[in-house]
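Just below is one structure, and these are the notes that go with it.
Bear in mind that the values in this text are calculations on the coordinates, not laboratory data. In this text the structure is predicted, and so the values were computed from the model without any measurement. Don't worry about glycine lacking a Cβ; one is built from the backbone with ideal geometry, like all the others, and counts go over all protein chains shown.
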Amino acid sequence: MSVIDELLDLQEQDSVIKSLEKQVHDIPKRRKLEQEKLDDYRRELEQARETLEKAQKVEASSRMDAEAQEAQIAKYEKQRQEVKTNNEYAALGRQIESCRRVKAEYEERAERARAHIADVQESIAMFEARLAEESASVEAYADELRAQLVEAQEKLLAAQEVRDGKAKALQTPEKRRFLDYYDRLRKKYFPVVFRVREGNGCPGCHMVLPASKMQQAQRNAKLADTPDKMDIVACDYCGRLIFK
Ligand SMILES: [Zn+2]
């Protein structure tokens, strides 16, 4: 294999590694997103439970208030039977009327709270069912992601080992400078090595390269099996390695 092919081969291996590294990096993020979705559902359920509690308190206190008014009415009615004058009788009658109005308001409020409670209970049942369903599916997906992560990690280790072998082949005195150049640049750009079959544009940055550059690349191609005689031919703009 010529040094050009070896570099391209190494670069292909690095691209495999990059995609595996991306998977290893992204899978836990996907898992976290799924968990967050569940947290949203839990929050919604929690809020509905709080609303229910408040409505139940309103219902209970309104009912007690209505009962208190009822007791008051009974007291006034008892007093009315014992009064001596018509005026006193009429005054108690007005008190009783007023208590009845207030009592009716409390009863109405209790009734509204009961209707609200029924609605909220329905929502809670729906939220609980949804959470249970989503939890089960998130759980299953999390298992799947865990398996995917383990697989990607194993593949990554194997790919790195293969890469070491390929890089080793380039660690000879005559090839080493190509490997070093490639390793330096790949941290900044990827891919780094290009074989330009047609035209004279850099495939990396798309700048037009001078004809002399392409001639150098042409000359390199003929010397591909004698790397010690080859030059490092790189794009003047981005530095990517250009081969013919
Ligand atoms: Zn370029």
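Return, ordered by residue number, the residues of region 157-191 whose backbone nitrogen is under 12 Å from a label point located 7 Å along Cα→Cβ of R219.
The answer is none, because no backbone nitrogen lies closer than 12 Å to the label point.
Tell me the net charge near E174. Cut-off is 11 Å between Cβ atoms, E174 excluded, with +1 for each Lys or Arg and -1 for each Asp or Glu.
Values: positive: K175, R176, R177, K229; negative: D225, D228.
Around E174, the charge tally is +2.
Mind listing the phi-derived Karplus ³J(HN,Hα) values for region 73-79, rounded to whole Hz, using 6.51, -1.76 and 1.60 with θ = phi - 60°, and x for any glycine or proline?
4, 4, 5, 4, 5, 5, 4
Check G201: other-chain or 5+ apart residues with amide H under 5 Å from its amide H, H built from backbone geometry?
Here the answer is L209, since their amide H atoms fall under 5 Å of that of G201.
Below 14 Å, Cα to Cα, which aspartates and glutamates can K188 reach? Residues fewer than 8 away in the same chain don't count.
D14, D180
F243's amide H: which non-local residues (gap 5+, or another chain) put their own amide H closer than 5 Å, with H modeled 1.01 Å from N in plane and none for Pro or chain starts?
So F243 has HN proximity to F194, R195, V196.
What does the helix-only formula give at 222 nm for the chain: each DSSP H stretch with n ≥ 4 adding -39500 (n - 2.57), the total divided by the residues, and the result rounded to the nearest 500 deg cm²/dmol? Can you show the working numbers first?
Numbers: 4 runs with 186 residues, N = 244.
Calculated at 222 nm, the ellipticity per residue is -28500 deg cm²/dmol.
Please give the contour-minus-distance gain from K18 to Y189: 0.36 nm per residue of separation, less the Cα-Cα distance, rounded to one decimal in nm. Please list the in-between numbers first.
Working: separation 171, 0.36 × 171 = 61.56 nm, distance 1.24 nm.
Gain in length upon complete extension: 60.3 nm.
Give a residue-ordered list of calculated ³J(HN,Hα) values for region 116-126 (Karplus: 6.51 cos²θ - 1.76 cosθ + 1.60, θ = phi - 60°; whole Hz; x for Gly, Pro).
4, 4, 4, 4, 5, 4, 5, 4, 4, 4, 5
Consider just the alpha-carbon atoms of region 27-182 and return their Rg together with their Dmax, both in angstrom.
Cα only, region 27-182: 36.7, 127 Å (Rg, Dmax).
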